[in-house]
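Engineer: My structure is below; once you've seen it, I'll send some questions.
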Amino acid sequence: MRDLDIAEVAQRTGVPASTLRYYEERGLIAPIGRRGLRRLFDPGVLERLALIALGRTAGFSLDDIALMFAADGRPSLDRGMLAAKAAELDQMIDGLTAIRDGLRHAARCPAPSHMECPTFRRYLGAAASGAFATVGDQRKSGRPRKASRDGRALAR
């Protein structure tokens with residue numbers, strides 16, 4: 001396969017050229033040369049960009065993703081880091097599931113007012129205690145939080 005210019009890489013991956021230049025600036029990808037003013041990339045950049053996209057989708061920072069490549073540019077995935085991210089996503093899924101269940105309950109709750117519903121009030125209490133913190137919030141505090149399916153906060 002022949003070398004790809006930046007426009008071809010952008011077209012094939014859906015990653016804007018400006019983002020490709022930013023990834024280059026961050027050291028995540030590297031051109032192999034130029035054709036006129038356009039950067040040229042080895043076709044292997046497509047696989048590298050796919051790994052970057054997967055990492056971003058999973059919630060890894062660009063700094064974390066940079067650690068997923070060895071000095072020679074080949075993928076070198078830290079299994080511990082992957083397991084930690086999977087656990088973080090499990091916590092997020094638990095919280096989102098509790099929120100979804102709470103919304104469904106509130107939508108069909110027969111109580112005259114949601115404030116009269118004990119289940120809804122438990123959801124409010126869980127939300128006030130931070131039980132539904134996002135993954136980003138968990139990173140800031142360093143303390144993951146979980147909620148049960150009925151919205152009650154669980155021990156940390």
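Readers should treat all values here as calculations from the given coordinates under stated rules, not as data from a laboratory. As the structure is a prediction and not an experimental result, all values here were calculated from the model. A quick note on method: Cβ atoms are made from the backbone with ideal geometry, for glycine too, and the neighbour counts reach across all protein chains shown.
Engineer: Which parts of segment 1-22 would a label at Arg38 reach, counting a residue when its backbone N lies under 13 Å from a point 7 Å out along Cα-to-Cβ?
Structural biologist: Backbone N within reach: 3-12, 17.
Engineer: Quick check for me: using +1 on Lys/Arg Cβ and -1 on Asp/Glu Cβ, what's the dipole size of segment 66-127 about its Cα centre, in debye to the nearest 20?
Structural biologist: So the dipole magnitude of segment 66-127 works out to roughly 220 debye.
Engineer: On a full-extension model of 0.36 nm per residue, what is the gain between Ala106 and Ser18, subtracting their alpha-carbon distance, rounded to one decimal in nm?
Structural biologist: Details: separation 88, 0.36 × 88 = 31.68 nm, distance 4.39 nm.
Full extension from Ala106 to Ser18 adds 27.3 nm.
Engineer: Sum up the charges of everything whose Cβ sits under 13 Å from the Cβ of Gln11, counting Lys and Arg as +1 and Asp and Glu as -1, but leave Gln11 out.
Structural biologist: With Lys, Arg at +1 and Asp, Glu at -1, the net is 0.
Engineer: So what is the diffusion coefficient of segment 79-141 in µm² per second by Stokes-Einstein at 20 °C and 1.002 mPa s, using a Kirkwood Rh over Cα pairs?
Structural biologist: Approximately 163 µm²/s, per Stokes-Einstein.
Engineer: Provide the descending list of Cα extents for segment 4-66 along its principal axes, expressed in whole angstroms.
Structural biologist: Largest first, segment 4-66 extends 36, 20, 19 Å along its Cα principal axes.
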